[in-house]
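The values are calculated or read from the model by the stated rules, or taken from the named source; none is laboratory data. Nothing here was measured: the structure is a model prediction, and the numbers come from that model. Counting neighbours? That spans all protein chains shown, and the Cβs are built from the backbone with ideal geometry, glycine included.
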RNA sequence: GGAGAGUUGGCAGAGUGGUCGAAUGCGGUGGUCUUGAAAACCAUUGUGCCGAAAGGUACCGGGGGUUCGAAUCCCUCACUCUCCGCCA
């Protein structure tokens, strides 16, 4: 959520910057400014009426104390009009506040100046690529490899739960566990504190990181208890700091956690959802940082470097793209996506998304710190997947396939306990 | 699932319908003392909104009500804790 004070002060610049998202927010912003003006005016009127009422109340108290009943009762009569006026003003104010809030929810984050123009993922800017693309005569897709070596059972998942809930088995399960431990160790070495958070969150947490109210349909909702299955560890990890005033000397706050992630993925279809490409439940290690606004972009670079390091150790061909305005998420100011190459599918699979949200999430979370000038300011939040497992698994299986089986990269062997899957 | 007790500032913890944004302690910050530190002492220390400022206003779990006036009384919802039951 953008800050109303910023919108008030630089609405032109903000509308201009938001055009990168291929939408003109002029109308909403104008409405916001208008609403904000009435809101402030109403607030001022209410405050002054309230002040009158408070003064009068004190006087009445004094009169009663000094035994002047008649005068007190006379003064009492005067409060009736004031009470009515304040009541009406308070209602108007609440309405305006709600309207302003609703409007603010509709405005996405202001894209960073480096965000390229564009409409779809085709327009993302390639900023880095690494590794040789494998060249197979006959490449077997991962959903055949997993069947051949009995690593993942998709049909059993359908039987037990439904499509998109695979079962990992034997070396498949072991590989999964190895990847989680490898990613967590990498994060630990980079100074991130590990958490095991709840996998179910309440409504307030959903609002805090912005899944609610917009993406409600994407989360599994336990209506009986009004709780939501987490779509990413970002939700519980970032909400640790909801409503907090952190100390500037704590920056950067670095945390990580492994969790399963649950996504309804309503509206997905076709070959995009084949095999491990898109699941309702998948595993992910997430890294989160809370940082001083002056340093958040350095931190973003560091997080990108961290993910890069992991993919290099896994010996996977990958590339990094800077998301264009059209592809940029609602809450992000700048996002780098990591994509690994899938040899058999001949396409790039997104495995990580590293973003700086600046104050957008912090404003909703009310996550602040006391700056050196003594003022309370919103912190910057950042997060990234390091990494999401299924597509890494898919790429590992497809790219490392040989006639004798699937080769396990060196860095993973101490975690798997085997060097080949056959 | 049953019964009871609670929810107050960064934390702990008082609070009789009016002078309570709230005692006190701890913590934080600044200072005195000290070669330095500790201790002690002194001062200071919540947040939002409106306002150029002075100042005003709101906030004692959320919402509503009674009253001239509510942290305090009433209703309601949420959450926490304790005991009993069940149970990994």
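Can you tell me how many residues in region A:161-186 are more than 21 Å from residue A:315 (Cα to Cα) and over 30 Å from the mean Cα position of the chain (by Cα)?
2
Please work out which one of (1) in contact with a helix residue (DSSP H, G or I) (Cβ under 7 Å, 6 or more places away or on another chain); (2) under 30 Å from residue A:330 (Cα atoms) is the condition residue A:23 fails and give its number.
Residue A:23 satisfies all of (1) in contact with a helix residue (DSSP H, G or I) (Cβ under 7 Å, 6 or more places away or on another chain); (2) under 30 Å from residue A:330 (Cα atoms) except (1).
Can you pull out every residue in region A:47-81 that is within 46 Å of the chain's Cα centre (by Cα) and either more than 7 Å from RNA strand B (Cβ to nearest atom) or surrounded by 14 or more Cβ atoms within 10 Å (Cβ to Cβ) (or both)?
Taking region A:47-81 as the starting set, the residues that turn out to be within 46 Å of the chain's Cα centre (by Cα) are A:47-54.
A:49, A:50, A:52, A:53 - these are the residues of region A:47-81 that are within 46 Å of the chain's Cα centre (by Cα) and either more than 7 Å from RNA strand B (Cβ to nearest atom) or surrounded by 14 or more Cβ atoms within 10 Å (Cβ to Cβ) (or both).
I want to confirm something. Restricting to region A:217-232 and keeping residues that are farther than 8 Å from residue A:200 by Cβ and in contact with a helix residue (DSSP H, G or I) (Cβ under 9 Å, 6 or more places away or on another chain), which single residue is nearest to RNA strand B (Cβ to nearest atom)? Write out each step before concluding.
Keep residues of region A:217-232 that are farther than 8 Å from residue A:200 by Cβ, which gives A:217-221, A:223-226, A:231-232.
Applying the additional criterion that residues be in contact with a helix residue (DSSP H, G or I) (Cβ under 9 Å, 6 or more places away or on another chain) yields A:219, A:226, A:231.
On the way: A:219: 18, A:226: 7, A:231: 21 Å.
Per the stated criteria, the residue is A:226.
Suppose the filter is in a helix (DSSP H, G or I), assigned by TED's automatic domain parsing to the domain that holds residue A:275 and free of Cβ contacts under 8 Å to residues at least 24 places away in the same chain; does residue A:62 pass it? Explain how you work it out, then say what you get.
Working: in a helix (DSSP H, G or I): yes; assigned by TED's automatic domain parsing to the domain that holds residue A:275: no; free of Cβ contacts under 8 Å to residues at least 24 places away in the same chain: yes.
Answer is no for this residue.
Do we find a residue being within 16 Å of RNA strand B (Cβ to nearest atom), surrounded by fewer than 20 Cβ atoms within 10 Å (Cβ to Cβ) and outside any loop (DSSP other than H, G, I, E, B) anywhere in region A:378-397?
If we filter region A:378-397 for residues that are within 16 Å of RNA strand B (Cβ to nearest atom), which is where we start, we get A:378-379.
Imposing the further condition that a residue be surrounded by fewer than 20 Cβ atoms within 10 Å (Cβ to Cβ) reduces the set to A:378.
Those still in the list that are outside any loop (DSSP other than H, G, I, E, B) too: A:378.
Among the residues of region A:378-397, at least one is within 16 Å of RNA strand B (Cβ to nearest atom), surrounded by fewer than 20 Cβ atoms within 10 Å (Cβ to Cβ) and outside any loop (DSSP other than H, G, I, E, B), which makes the answer yes.
State all residues of region A:82-96 that are more than 9 Å from RNA strand B (Cβ to nearest atom), closer than 28 Å to residue A:331 by Cα and in contact with a helix residue (DSSP H, G or I) (Cβ under 7 Å, 6 or more places away or on another chain); if no residue qualifies, say none.
Pass one, region A:82-96, residues more than 9 Å from RNA strand B (Cβ to nearest atom): A:84-85, A:88-89, A:92, A:95-96.
Keeping just the survivors that are closer than 28 Å to residue A:331 by Cα gives A:95-96.
The answer is A:96, and nothing else.
Which residue is nearest to RNA strand B (Cβ to nearest atom), if the candidates are limited to region A:24-46 and must be within 25 Å of the chain's Cα centre (by Cα) and surrounded by 14 or more Cβ atoms within 10 Å (Cβ to Cβ)? Working first, answer last.
Taking region A:24-46 as the starting set, the residues that turn out to be within 25 Å of the chain's Cα centre (by Cα) are A:24-25, A:28-29, A:32.
If we keep only those that are surrounded by 14 or more Cβ atoms within 10 Å (Cβ to Cβ) as well, we get A:25, A:28-29, A:32.
Working: A:25: 20, A:28: 18, A:29: 16, A:32: 12 Å.
Going through the qualifying residues, I end up with A:32.
Among the candidates A:304, A:273, A:285, A:246, single out the residue that is modelled with pLDDT of 95 or more, in the same structural domain as residue A:391 (by TED's automatic domain parsing) and surrounded by fewer than 22 Cβ atoms within 10 Å (Cβ to Cβ). Lay out the reasoning, then the answer.
Working: A:273 fails: modelled with pLDDT of 95 or more; A:285 fails: surrounded by fewer than 22 Cβ atoms within 10 Å (Cβ to Cβ); A:246 fails: modelled with pLDDT of 95 or more.
After applying the criteria, what remains is A:304.
Report yes if residue A:210 is at positive phi and more than 15 Å from RNA strand B (Cβ to nearest atom), otherwise no.
On the way: at positive phi: yes; more than 15 Å from RNA strand B (Cβ to nearest atom): yes.
Here the answer is yes, as residue A:210 does meet what is asked.
Keeping to region A:336-358, report how many residues are within 15 Å of the chain's Cα centre (by Cα) and surrounded by 24 or more Cβ atoms within 10 Å (Cβ to Cβ).
Filtering region A:336-358 for residues within 15 Å of the chain's Cα centre (by Cα) gives A:336-337, A:352-358.
After this cut, where a residue has to be surrounded by 24 or more Cβ atoms within 10 Å (Cβ to Cβ) as well, the list is A:336, A:352, A:354-358.
Residues that pass the stated criteria total 7.
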